[in-house]
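Notes for the one structure printed next.
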Amino acid sequence: MEEIDEIVQEFLVESHENLDQLDRDLVALEREPGSRDLLGSIFRTIHTIKGTSGFLAFGNLESVTHVGENLLARLRDGKQSMTPQTTDVLLAMVDKVRELLAVIEDCGTEGDIDVTEVVERITAVLEGNAAPTPIAELLPEPEAAVEVEAEVAAEPVPTPTPTATAVEATEEVSSTRRNVAESSIRVDVELLDTLMRLVGELVLTRNQIVRQAGDQDDLDLTRSAQRLNLIATELQEGVMKTRMQPIDHLWSKLPRVVRDLGAACGKSVTLAMVGRETELDRSLLESVKDPLTHLVRNAVDHGLEDPAGRIAAGKPAEGVLTLRAYHEGGQVVVEVCDDGAGIDADRIAEKALASGLRTTAQLAQMSPADILQLIFLPGFSTAQSVTNVSGRGVGMDVVKTNIEAIGGTIEVESVVGRGTTCRLRIPLTLAIVPALTVECAGDRYAIPQVSLLELVALDADRAATAVEDVNGASVYRLRGALLPLVRLTDVLGVESDRSDGHVLIAVLQAEGKRFGLVIDRVLSTEEIVVKPLTSRLKSLGTYSGATILGDGRVALILDVQALARRALTAEALERGAAGTAAEETKTSREHLRMLVAGIGGGRRVAIPLSSVTRLENIAASTVEVVGSREVVQYRGAILPLLRLDRHLGAISERAGDDLVVVVYSAGARSVAIVVDEIIDIVDEESEVHSDIDDHGLVGSTLIRDRIVEVLDVRAAILAADPKFYSDSDVEIDLRDELQEAV
Amino acid sequence: MSTRMVTFTLDGHLYGVDVEAVQEVLRGQTRTRIPLSPVTLAGLINLRGQVLSAIDLRALLDLPDRDGDTEPMLVVIRVAGEPVALMVDTIGSVVDVDDDQFEPPPDTLVGVSRDLLLGAYKLEGELLLALDVDRAVAA
C-alpha cells in the first residue's frame, strides 16, 4: 500500500502543476485560436493525466479526460475550430479534474463526484450541437451539486497490478517529461528552511573563525579560514538560490482568474504582465499570493468599467490590467494597474465621513493622495453594489495587514478617468544580507549594503571646510551636489566619542533619495544573519533587525528607510536633490576665504581658497603640449594646464619667462591654473553680488570696492581635465581609512 | 498545593517566578544597548546564536538604579515560547511555597508594581513577591 500511496502522491503533485499550465494554455488559446503549439501542449497534458488515471484506476477521472482528449484531438487536427463555447467546456473539464484530484488527495479514492454533466457537455460540443450555457454555471461549482453515485463510491482502492499495458502507459507518460525529470528533483520546503537556518549559523561561525584566525600568526590556520570563508559563501549563495522563485509562479494562476471574473462581470480584460522573471524568496511569494489575487479581483470588479462605459469615456472597449514586478532599492515592487475609471478622492472622503471613520476637520488637512489611502481602513468599501466578488468592506484592510505583516508597504495612486495603481513594496528579507558594520558612540551597527551608495572620509582639515550648513542643516558637497547630512549620534540621542574632527559619511539611498549618514568609524563589510526583533523594538522605527557579529556580540541593523523618513523633512530631501549653484556660492561665500588673482585687462577673479593647494612660479619653457592640451611636469606628475585668461576670454598682460600657477588638487589628481598675478587673499564677507552669468563664472562680488568675478572652479577644472571628478578622491581616502580600521 | 519558584533579589527584596517559566540563569553577558528604546529594555544579548531582549526589572518596577560595579544576573524565561532575559541583582534558590501562604497584593500597593505582581508568599521572616512574567514581558 505504501508504494501505491507514493505513486498517487506523485501523480497528484504532477497533475496540479499540469493543470496550472493548462489554465494558462487555455486562456492563451482563446487569444490565438489557431495555435497548433498550444493545442498540442494542452492535448499532451490531458493525455498524461488520462494515461496515469487509467493506470491508477481512477475511472471517473479517466472518463472526463478521455472525452476532453477527444475534443482536443479534433481541435488539434483542425477538424473542429475553437469557439468561446469550446473554451468554456474545456475549462469546465479542468475544474472537474481539479475537483476530482482534490477528493483523491483527501481520501485516496474518487469519492462521489458526478462527472456525467461535464462529460455530456463535452460530448455535445464534440457532436456540434451544444446549447449555449450561461457563464455563471461554468464557475467552479460548490460541493453541494454532488450526487451520490453508488458505483463510484463502491469502487475499490486500486491495487498495483503491473500489466503490460500499464507499463506502456507509464513509459509514454514519462517520455514527455523526461527532460525536467532528469535534471531536477523535488525537495521538501521544510528541508530547505532547515538548510537555510543551518547556513545562517554556519555563516556566523565562519565570521568568528575568520576573525580569530586574523588575530593569530598561523599561516595554515589563515589559509584554512580563507578556504572556509569561500566555501561558506558559495554554499550560502547556493542555498539561497534554491529558495528563490520567479513571481511568475504566482502570476500564472491569474489569467484564469481574470478571464472568469471578466466573464462574470461582463467585462473584457487584457492582462499584461511585465517582469515575470523577478525573483523573490519563496516564503514571501506565499505571503503575497492572497493579497495580490485580491487586488487583481478588485481591479477587474471595481477598477475597470464595462465595455459600454469605456466606449462612452472614449477608451477602447477592452480594459487593460497590467501586473508589473521589479527590484528597487533592495525591495521587490509589485504593481497592479488598471486603466479604468480611477478612484475619486472626494467620494472616498464623503464615504469616510459618512461611515464615521474621519471627521471633516481631519479630511480638510489631508491631501487627495492621503485620502486615497483611506481605502485601506477596516470597514471601508465604496463599491456601488455588493457583488459576490467584492464590495463587502473587507479586503483592502486585510490586504494591507497581510503585506505589513511581512514588513511590506502598500500604496494606491489613482487618476480619475485614467486608472488606478496599487503598489506593493515587499522587503527582500532574506535571512542573510551583506552589510557594512560601523561604529557610533562605541556601539556597532550594521547598514545593509543595498542602501549604501558610497563612503566619504574627510580628515579634520577638509571636514572643517567641506561640511557646510544651510541655515543650520548640515550639507556636504558631493561632486558638486549638496548632500544633506544626518548625524547618527543625533538620531540615536547618544554622544559621539570621536573628537579628532574627522568626518565619515555613509552616502545612503532610501525611498529614491540620497542622504549622508555621519558615523564615527567604518569597521568592515560582512555577511550578516538577520535576526528578527520584537515588534516593540521594530516600532521604534530605527532598527530593522539585529545580528551577531564575528566576536559574538549583538549589533543592531539600521532601518535606512525609516531613518530617512524620520530624519529628513521633505524639503531637506528636495534641497539635497536639487542643490542649485546659487545656493552653493552663497554658502561658500559666507565661509570661504578667497584668493584674488588678476588675469589681464584689469579683470580680477576670485577663487575659493579651499580649492587651492599651492601657489607656484614655473618656467614657461617647461610647458609641453600633449595632443591639444598644455601640460607641465610638476613634482613627478604631469599636470594639465589651464590658462585662466583664455578660459574667461581675457588677454594676458604678463610678459616674462615664468608663469604664476595656482595648483588645485584632490586625491591623486591636480590641475595647474595659470593667472597673471596673485593680488590678495581676502575674507569674503560681502553679500553684494550680481548674477552676471558669464561663461566660467558663478557671479561677481565687491571686494575692497572693486568688482571681482567669482570663478566657477568646477567648470574651470573640467576644462583643464575633463576626467578630474570622475574618479573621486574620496574613495582613495576611504581605502586608507578601511586599512586603518582592519 | 504547592508551587515551585525560582527566587532572586532586587534592591534587597525577594522576588520569585514560577520554575516552569525559567529556562536558565546566566551571568557575564555583554549587552548591546538599544538607543531610543524604553529604559526598561537593558539591551540585547547573544544566547547561543539567538538574540534575546534583556529586561531591566529594577527599571520596570520603579526601583532605584543598580550600583555601577555590581554585575547583574540574567534569568532567561520563556513566555509564549519566546525566550526573554530578566535582569536581576542576585539569584536566590529554588523554593517550594504553599498556596495557602499566598495573598494578593495589599490594597495600598499602587503604581506599576501592582500590575506586575501576582501577590506575595508569606515566608518565615520575609515576603516572596511573585512576579507576573507575562505582564513583565509585555510591559
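Yes or no, residue by residue, for (1) modelled with pLDDT of 80 or more; (2) open to solvent by less than 90 Å² (accessible area, probe 1.4 Å):
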| position | (1), (2) |
| --- | --- |
| A:Thr165 | no, no |
| A:Glu168 | no, no |
| A:Glu171 | no, no |
| A:Ser175 | no, yes |
| A:Val199 | yes, yes |
| A:Val210 | yes, yes |
| A:Thr222 | yes, yes |
| A:Leu228 | yes, yes |
| A:Gln245 | yes, yes |
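Looking only at region B:18-34, decide whether some residue is within 14 Å of chain A (Cβ to nearest Cβ) and either in a strand (DSSP E or B) or in contact (Cβ under 8 Å) with a residue 60 or more places away in the chain (or both). Looking for residues that are within 14 Å of chain A (Cβ to nearest Cβ) and either in a strand (DSSP E or B) or in contact (Cβ under 8 Å) with a residue 60 or more places away in the chain (or both), one finds at least one in region B:18-34, hence yes. Among residues of region A:437-452 that are within 12 Å of chain B (Cβ to nearest Cβ), those with a Cβ under 8 angstrom from a residue that is assigned to a helix (DSSP H, G or I) and modelled with pLDDT of 85 or more, sequence gap 6+ or separate chain, pair up as A:Cys440/A:Leu488; A:Cys440/A:Thr489; A:Cys440/A:Leu492; A:Ala441/A:Thr489; A:Ala441/A:Leu492; A:Tyr445/A:Leu488. I need the full set of residues from region B:35-68 which are of a type outside the set (A, V, I, L, M) and either within 14 Å of chain A (Cβ to nearest Cβ) or not in a loop (DSSP other than H, G, I, E, B) (or both), in order please. Matches in region B:35-68: B:Pro35, B:Ser37, B:Pro38, B:Thr40, B:Gly43, B:Asn46, B:Arg48, B:Gly49, B:Gln50, B:Ser53, B:Asp56, B:Arg58.
When region A:63-86 is filtered for residues that are within 13 Å of A:Pro33 (Cβ to Cβ) and among the small types (Gly, Ala, Ser), the ones remaining, listed by number, are A:Gly78, A:Ser81. Out of all the residues in region B:69-79, is one or more touching a Lys or Arg at 6+ places or on another chain (Cβ under 9 Å), within 14 Å of chain A (Cβ to nearest Cβ) and either in contact (Cβ under 8 Å) with a residue 12 or more places away in the chain or not β-branched (Val, Ile, Thr) (or both)? Scanning region B:69-79 turns up at least one residue that is touching a Lys or Arg at 6+ places or on another chain (Cβ under 9 Å), within 14 Å of chain A (Cβ to nearest Cβ) and either in contact (Cβ under 8 Å) with a residue 12 or more places away in the chain or not β-branched (Val, Ile, Thr) (or both).
Among the residues of region A:487-541, those identified as among the small types (Gly, Ala, Ser), within 14 Å of another protein chain (Cβ to nearest Cβ) and open to solvent by less than 60 Å² (accessible area, probe 1.4 Å) are A:Ser496, A:Gly541.
Listed here are the helices (runs of 4 or more DSSP H) enclosed by region A:299-369 that have at least 2 residues being open to solvent by less than 70 Å² (accessible area, probe 1.4 Å) and closer than 22 Å to A:Ala264 by Cα: A:307-312. Just to check your reading of the model, which residue among B:Val76, B:Val39, B:Val51 is open to solvent by 70 Å² or more (accessible area, probe 1.4 Å) and modelled with pLDDT of 85 or more? So the residue among B:Val76, B:Val39, B:Val51 that is open to solvent by 70 Å² or more (accessible area, probe 1.4 Å) and modelled with pLDDT of 85 or more is B:Val39. Screening B:Gly12 against (1) open to solvent by 70 Å² or more (accessible area, probe 1.4 Å); (2) small (Gly, Ala, Ser); (3) within 14 Å of another protein chain (Cβ to nearest Cβ) leaves a single unmet condition, (3). With respect to the conditions (1) under 19 Å from B:Val39 (Cα atoms); (2) open to solvent by 40 Å² or more (accessible area, probe 1.4 Å), B:Val88 lacks only one, and its number is (2).
Residues that are of a type in the set (A, V, I, L, M, F, W, C) and under 21 Å from A:Gly200 (Cα atoms) number at least 1 in the following strands (runs of 3 or more DSSP E) confined to region A:439-554: A:443-448, A:521-529, A:543-548. Go through the residues of region A:619-627 one by one and say whether even a single one is assigned to a strand (DSSP E or B), open to solvent by 40 Å² or more (accessible area, probe 1.4 Å), modelled with pLDDT of 75 or more and more than 19 Å from A:Ala719 (Cα to Cα). So far as region A:619-627 goes, yes, one or more of its residues are assigned to a strand (DSSP E or B), open to solvent by 40 Å² or more (accessible area, probe 1.4 Å), modelled with pLDDT of 75 or more and more than 19 Å from A:Ala719 (Cα to Cα).
Taking the stated definitions as given, is A:Glu234 within 20 Å of the chain's Cα centre (by Cα) and open to solvent by 70 Å² or more (accessible area, probe 1.4 Å)? When the stated conditions are applied, A:Glu234 does not pass them.
The values are calculated or read from the model by the stated rules, or taken from the named source; none is laboratory data. Remember, predicted model here, so these are calculated numbers, not experimental data. Note that each Cβ is placed from the backbone with ideal geometry, even for glycine, and that neighbours are counted across all protein chains shown. Heavy atoms of the whole protein, side chains included, go into the accessibility calculation; ligands, DNA and RNA do not. Shrake-Rupley method; radii C 1.70, N 1.55, O 1.52, S 1.80 Å.
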